[in-house]
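The values are calculated or read from the model by the stated rules, or taken from the named source; none is laboratory data. For clarity, every value in this text was computed on a predicted model and none was experimentally measured. Reconstructed Cβ throughout: ideal geometry from the backbone, glycine too, with neighbour counts over all protein chains shown. SASA here: full protein model, heavy atoms, side chains in, ligands and nucleic acids out. Shrake-Rupley method; radii C 1.70, N 1.55, O 1.52, S 1.80 Å.
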Amino acid sequence: ISHVMKSRNIILSLALMGCTAANALTLQQAKKLYSEGEFGKALSTFQELVKKNPGNASYNQWYGACLYETGRKAEARKYIETAYNKRVIDAARYMAQYALEKMDYEAAADYTDVFADRLGEKESSLSATATKGYNRLKRVSEMLGNVEKVQVFDSLNVDKSNFLKAYKLSKETGSLNTADILPAGLECNTPEVFMPQSANRMVWSVADSTGCVRLAETYRLADGKWDHATLLPASLNDGGDAAYPFVMTDGTTIYFASNGNGSIGGYDIFMSRKDFSTGEYLNPQNIGFPYNSPYDDYMFVIDEMTGIGWWATDRNQIPDKVTIYMFKRNDVRENYDSDNDNIYSLAALRDIKATWADDADYASLKESIESISADTDKPDDEFVFYVMNGVRYTRFDNFQSSEARSLMEKRVALASQLADDKTELKRMRTAYANAKPAARKKMEQSILQLEHKVSDATKTLANIDNNIRSAEQSAIDK
């Protein structure tokens, strides 16, 4: 029996050894996977190699990079540092990325320079992953030469789930709405839909057939209905997702967030302009520092009425929170001197007080926000009426013309009665459809009378609308 047991154990051991050998990768196979970006598949092989030869620079680099790229960045650090100290080329790039994630832009720039020096003329030999990372680092270095001199006068840490409520915008600027404002049948992939004051356009983001999140827009038609959604050009995405749009009052300048190739990490804020004569958009431009960071930066808004700008970011990494920054709008962009001793801190926005102008008083800007906040506490709209393109009244005291105000009172009463009559007509038609022939005969006259009443009231309402607009526009023109 013992002989049989020994034989079985030997067979089992040989089987396990054969299984291990079959699953093991050679160094060349692991390196190939590494170059193809399959870091998870190559990780265990490099781990075993480092255990056997902990001083080998290349093994440390390959294992550290596999850890880093699979999300185990803290574990990766010591292996990458070992490789860096042994002058492995790509280790310098990873050290630059570590610095970038800490928003230590000075160290990131220094490590990027080291990487470029060690790389020499070998840039064409970089893997796709290394090329993408290097381009990102070069973009950071370029942006450090164009840090905007912007005065960030306040900030708020708010819940990420409803951060839009923190934005206090003048009515002329438009509104940031949740997805439930979209017409039925239109989908939304981010929690925000922008609508200008005219309420004749909506811009938001939606996934296309490939799963890529694209900007989309729709316009209100002459009959009050919304047109079908149109996707904005994929060029705005630049190889990633695009979301969180805001359109300036000129109707052509659009700010949005994208995590595409032009980003330095996560969502970055970009700007483009639409040529309405052709429908084309200009190539998007990254608006740079201090607005963008290696984290998500988005929902950039300029309120031209108050002179206040806003944007959201999770760069401060507070769980389930985002920081909303408020800044004084610049009429013309002015950048800091790139030789400024504080340029790296200004780019990272380490201290908003460092951005303040000498003897600046931001009380009036804060008062503007408070006054808008007070407006949000006003009673609900009494009605919604468009006096002319871009001019919307919601309360009786909006009117300058007493005649128009009196007509609006009649309109509100008539519109209420008309709504009730339409509801009753719908009920009667449903009852008619379900009734027996004998009963239908008795119902026909009542339905016809109510149909005439609804038709006449609709025409009367249209005439009142024209008279209100005529009276009010005359008063405005005086």
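If you check E172 against the conditions, is it of a type in the set (D, E, K, R), over 16 Å from the mean Cα position of the chain (by Cα) and more than 30 Å from Y362 (Cα to Cα)? No; evaluated as a whole, the condition is false for this residue. Restricting attention to the stretch 248-289, the residues that are outside any loop (DSSP other than H, G, I, E, B) and either in contact with a strand residue (DSSP E or B) (Cβ under 7 Å, 6 or more places away or on another chain) or modelled with pLDDT of 95 or more (or both) add up to 16. Scanning the stretch 281-323 for residues that are out of contact with any Phe, Trp or Tyr (no Cβ under 6 Å at 6 or more places or on another chain), crowded, with 20+ Cβ neighbours inside 10 Å and small (G, A, S) turns up G288, S293. Checking each residue in the stretch 161-178 for being part of a helix (DSSP H, G or I) and farther than 18 Å from Y291 by Cα picks out S161, N162, K165, K171, E172, T173.
Here is a yes/no grid of residues against (1) within 17 Å of V384 (Cβ to Cβ); (2) in contact with a strand residue (DSSP E or B) (Cβ under 8 Å, 6 or more places away or on another chain); (3) touching a residue at least 12 places away in the same chain (Cβ under 8 Å):
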{"residue": "R427", "(1), (2), (3)": "no, no, no"}
{"residue": "P437", "(1), (2), (3)": "no, no, no"}
{"residue": "I447", "(1), (2), (3)": "no, no, yes"}
{"residue": "K453", "(1), (2), (3)": "no, no, yes"}
{"residue": "T460", "(1), (2), (3)": "no, no, yes"}
{"residue": "N463", "(1), (2), (3)": "no, no, no"}
{"residue": "I468", "(1), (2), (3)": "yes, yes, yes"}
{"residue": "A471", "(1), (2), (3)": "no, no, yes"}
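For I264, the criteria (1) out of contact with any Leu (no Cβ under 7 Å at 6 or more places or on another chain); (2) open to solvent by 40 Å² or more (accessible area, probe 1.4 Å) hold in every case but one, which is (2). If the condition is being polar (S, T, N, Q), open to solvent by 10 Å² or more (accessible area, probe 1.4 Å) and touching a Phe, Trp or Tyr at 6+ places or on another chain (Cβ under 7 Å), then the stretch 55-96 contributes only T70.
Here D339 fulfils each of the conditions (1) surrounded by 18 or more Cβ atoms within 10 Å (Cβ to Cβ); (2) within 24 Å of S141 (Cα to Cα) apart from (1).
D154 passes every criterion in (1) under 24 Å from Q61 (Cα atoms); (2) open to solvent by 20 Å² or more (accessible area, probe 1.4 Å); (3) in contact with a helix residue (DSSP H, G or I) (Cβ under 8 Å, 6 or more places away or on another chain) apart from (1). Within the option set A404, A438, being open to solvent by 70 Å² or more (accessible area, probe 1.4 Å) and small (G, A, S) holds for one residue only, A438. Reported count of residues in the stretch 179-189, each being surrounded by fewer than 19 Cβ atoms within 10 Å (Cβ to Cβ) and part of a loop (DSSP other than H, G, I, E, B), is 6.
All of K453, K422, K478 fail the test of being closer than 30 Å to F396 by Cβ and at pLDDT 90 or above, apart from K453.
Against the condition surrounded by 15 or more Cβ atoms within 10 Å (Cβ to Cβ), under 15 Å from the mean Cα position of the chain (by Cα) and over 21 Å from L144 (Cβ atoms), how does D241 come out, does it pass? Answer is yes for this residue. For the stretch 97-133, a residue qualifies if it is assigned to a loop (DSSP other than H, G, I, E, B) and loosely packed, with under 14 Cβ neighbours inside 10 Å, and the qualifying residues are K102, G120, E121, K122, S127.
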